[in-house]
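Colleague: Quick one: the structure is below, and I'll ask about it shortly.
The values are calculated or read from the model by the stated rules, or taken from the named source; none is laboratory data. The shown structure was predicted, so the numbers you read here are calculated from the model rather than taken from an experiment. For neighbour counting, all protein chains shown are included, and Cβ atoms are generated from backbone atoms with ideal geometry for every residue, glycine included.
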Amino acid sequence: MALLILSVLAESRLINWSLSKRQKFARRFDHAVEENYEDDAVEGDKKTYQQFLDVAADFKQQLIDIPGLVERVKVLLDGEWGLLSTFALMLPADYASRLEEEVLVKQQAEREKARILRAHGDTMTQTGIELALAYVRKVKTKYSELNQVHVYHAFLGAINMLKSGEKSYAEVQSKVASLFEAESPELLEEFCMFLPVALPSKGSGVDLQGMT
């Protein structure tokens, strides 16, 4: 792989570097790519470095030119902006500037996406709390009208035991079902929206622990 990098370096803006300096740079980059993927715990990433070596072999055999090399390396190292920025240093100036611009644009896009997700997450948390409190008020009103306030208190007790870790989501689901299924099947169905999606329910996973 270092030979591939040296051959690209020969045409890059770093051409004025000494051969020994270019060799060290090439070896460091090769090692960085190998370390980033070869030791990764994700099985799919373990194959990436080998694919990287395959790209090197194709370039060495002149099966691809520099534009082809750049495109394939971009795909393999997508998301690894540090590695791509380092790779850009080894390219001829026109290719390097285009790749560096792409890296910057994608980094900015990722930061903006993360910002939006954080803002959206905060909104969803607040919305979840509001939905939970509204649901609690609905349960209280229903069982007060039925003169069965004890059911409401039993419901709150089950939620509090979830919050304290005394009961699991599944246990709370079972308890609430026993409380609501006779008089308030509609409340039981609505309760399902607060359950994690992994449980057998129609729920959307709004945080149940925001109820009290």
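Colleague: Is there a residue in region 7-16 that is surrounded by 14 or more Cβ atoms within 10 Å (Cβ to Cβ), of a type in the set (Ser, Thr, Tyr) and at pLDDT below 80?
Modeller: yes
Colleague: Now, a different point. It is to be established whether one or more residues within region 37-50 are modelled with pLDDT of 75 or more, surrounded by fewer than 13 Cβ atoms within 10 Å (Cβ to Cβ) and of a type in the set (Val, Ile, Thr).
Modeller: no
Here is a yes/no grid of residues against (1) within 20 Å of the chain's Cα centre (by Cα); (2) more than 30 Å from ASN16 (Cα to Cα); (3) surrounded by 12 or more Cβ atoms within 10 Å (Cβ to Cβ); (4) not aromatic (Phe, Trp, Tyr):
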site	(1), (2), (3), (4)
PHE87	no, no, yes, no
GLU100	no, no, yes, yes
VAL105	yes, no, no, yes
GLY157	no, yes, yes, yes
SER174	no, yes, yes, yes
ALA177	no, yes, yes, yes
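Colleague: Output the number of residues of region 138-164 satisfying the condition of being of a type in the set (A, V, I, L, M) and either within 11 Å of SER184 (Cβ to Cβ) or in contact with a His (Cβ under 7 Å, 6 or more places away or on another chain) (or both).
Modeller: Here the count works out to 3.
Colleague: Condition test on GLU145, is it over 17 Å from LEU131 (Cβ atoms), loosely packed, with under 15 Cβ neighbours inside 10 Å and not small (Gly, Ala, Ser)?
Modeller: Yes, satisfied.
Colleague: I'm told SER85 meets every condition in (1) touching a Leu at 6+ places or on another chain (Cβ under 7 Å); (2) under 30 Å from GLY68 (Cα atoms); (3) of a type outside the set (Asp, Glu) except one. Can you identify the failing condition by its number?
Modeller: Condition not satisfied by SER85: (1).
Colleague: Could you list, ordered by first residue, the pairs with Cβ atoms under 7 Å in which the first is in region 84-109 and in contact (Cβ under 8 Å) with a residue 24 or more places away in the chain and assigned by TED's automatic domain parsing to the domain that holds LEU69 and the second is of a type in the set (Lys, Arg) and part of a helix (DSSP H, G or I), at least 6 apart or interchain?
Modeller: That search, which allows pairs on different chains as well, returns nothing.
Colleague: Wholly within region 115-212, which helices (runs of 4 or more DSSP H) include no fewer than the required count, namely at least 1 residues that are of a type in the set (Val, Ile, Thr) and at pLDDT 85 or above?
Modeller: Fully inside region 115-212 and qualifying: 149-163, 169-180.
Colleague: For LYS140, work out the one condition from (1) surrounded by fewer than 13 Cβ atoms within 10 Å (Cβ to Cβ); (2) not assigned by TED's automatic domain parsing to the domain that holds GLN23 it doesn't fulfil.
Modeller: In the conditions (1) surrounded by fewer than 13 Cβ atoms within 10 Å (Cβ to Cβ); (2) not assigned by TED's automatic domain parsing to the domain that holds GLN23, LYS140 misses (1) alone.
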